[in-house]
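Contents: one structure, followed by commentary.
The values are calculated or read from the model by the stated rules, or taken from the named source; none is laboratory data. Predicted model, so just to flag it, every value in this text is computed and none were measured. A quick note on method: Cβ atoms are made from the backbone with ideal geometry, for glycine too, and the neighbour counts reach across all protein chains shown.
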Amino acid sequence: MHDANRLGSNLLLEALVFVWRSSEKIKKELNAIHHERDVPDWDDSSTSNPEEWILVAHNKKETQAIMND
């Protein structure tokens, strides 16, 4: 039992070290990426269509009924 606990704690420590090293590498790589600032503003003028919402609501109710059955 003692060896199993020691093995488990070693694996946990190794996992923590691996995650920490991985996160440091990811941070360095993300900081090296050049981000474009030419992203246009979001246009949500045509995002609401009442006819589509009726279909979505109907499909949701139908799915709920099937799942309840």
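Tabulated data
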read-out: Scan of region 24-69 for residues that are surrounded by 10 or more Cβ atoms within 10 Å (Cβ to Cβ) and of a type in the set (S, T, N, Q), ordered by number; value: Asn49, Asn59, Thr63, Gln64
read-out: Failed condition for Glu24, given (1) at pLDDT 75 or above; (2) outside any helix (DSSP H, G or I); value: (2)
